Amino acid sequence: MLFYSSNKGKIAEVTAILKESNIDCISAQEAQITTGCPETGATFVENAILKARDGARQCGSACLADDSGLIVDALPGQLGVNSARYAGETASDQDNINHLLSNLNDLSDIDHTARFVCCMVYMRYAEDPFPLVTYGILEGKIVATPSGEYGFGYDPIFYVPDFKKTLASLTSVDKNRISHRALACQRLCQILTSEGDTV
């Protein structure tokens with residue numbers, strides 16, 4: 001199965017999680033598939049469907065895609081599907097972190113509650129009228145001081161209460177058990193294996 005992404009962090013996470021369920025996937029780069037279709041949807045599921053359909057159309061077979069992002073309660077509507085482009089179309093992870101912390105600068109810690117959301121979409125073929133859709137949510141809060149050497153994106157400032165550390169401070173093993181992407185992927189694997197879908 002193709003995983004439609006050019007994000008190395010996402011590819012590593014999803015590949016590892018699928019492998020635990022004995023499901024093999026290849027990256028878009030390995031399959032020589034072009035990613036980057038316009039993400040014109042207003043919701044995670046709309047964008048994930050656009051990407052999965054584009055990948056399935058290009059490879060002529062099943063495709064898995066995700067759309068994910070950060071939701072910060074104190075900044076309603078500001079991140080979400082635009083999380084990766086929060087500080088601009090060409091923004092780096094650090095640019096986005098700096099922009100977010102700047103916007104939260106005058107707020108108290110109690111206003112920093114947040115969650116990562118991931119929507120996974122599996123399309124058996126490009127015109128699949130009934131794609132499989134799963135979600136994963138990870139609750140946490142935004143902290144002012146980045147920490148941790150793992151992960152990517154907003155992980156260094158996303159604090160996970162159950163672990164008392166940021167997501168970037170968790171090893172890949174721990175992150176792949178509790179992250180929003182892991183939960184969405186695990187639920188998808190359960191459906192695929194229970195229904196005997198060809199992947």
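The values are calculated or read from the model by the stated rules, or taken from the named source; none is laboratory data. For clarity, every value in this text was computed on a predicted model and none was experimentally measured. Every residue, glycine among them, receives a Cβ derived from its backbone with ideal geometry; neighbour counts consider all protein chains shown.
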Scan of the range 127-150 for residues that are at pLDDT 95 or above, small (Gly, Ala, Ser) and more than 11 Å from residue 167 (Cα to Cα), ordered by number:
136
Residues of the range 1-44 being under 14 Å from the mean Cα position of the chain (by Cα), closer than 23 Å to residue 190 by Cβ, touching a residue at least 60 places away in the same chain (Cβ under 8 Å) and crowded, with 16+ Cβ neighbours inside 10 Å, which ones?
3, 4, 5, 10, 13, 14, 17, 44
Quick test for you: out of 67, 95, pick the one residue that is without any contact (Cβ under 8 Å) to a residue 12 or more places away in the chain, within 25 Å of residue 140 (Cβ to Cβ) and of a type in the set (Asp, Glu).
95
Residues located in the range 48-68, provided they are surrounded by fewer than 23 Cβ atoms within 10 Å (Cβ to Cβ), part of a helix (DSSP H, G or I) and either out of contact with any Gly (no Cβ under 7 Å at 6 or more places or on another chain) or not hydrophobic (A, V, I, L, M, F, W, C) (or both):
49, 53, 54, 57, 58, 59
Which one of these does residue 71 not meet: (1) in a strand (DSSP E or B); (2) under 23 Å from residue 11 (Cβ atoms); (3) not basic (Lys, Arg)?
(2)
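Here's the yes/no breakdown for (1) at positive phi; (2) surrounded by 15 or more Cβ atoms within 10 Å (Cβ to Cβ); (3) not in a loop (DSSP other than H, G, I, E, B):
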residue	(1), (2), (3)
137	no, no, yes
151	yes, yes, no
162	no, no, no
174	no, yes, yes
177	no, no, yes
182	no, yes, yes
186	no, yes, yes
192	no, yes, yes
Residues (aliphatic (A, V, I, L, M) and not in a helix (DSSP H, G or I)) located in the range 17-47
23, 26, 28, 31, 33, 42
Looking only at the range 113-135, how many residues end up being crowded, with 22+ Cβ neighbours inside 10 Å, out of contact with any Leu (no Cβ under 6 Å at 6 or more places or on another chain) and not aliphatic (A, V, I, L, M)?
2
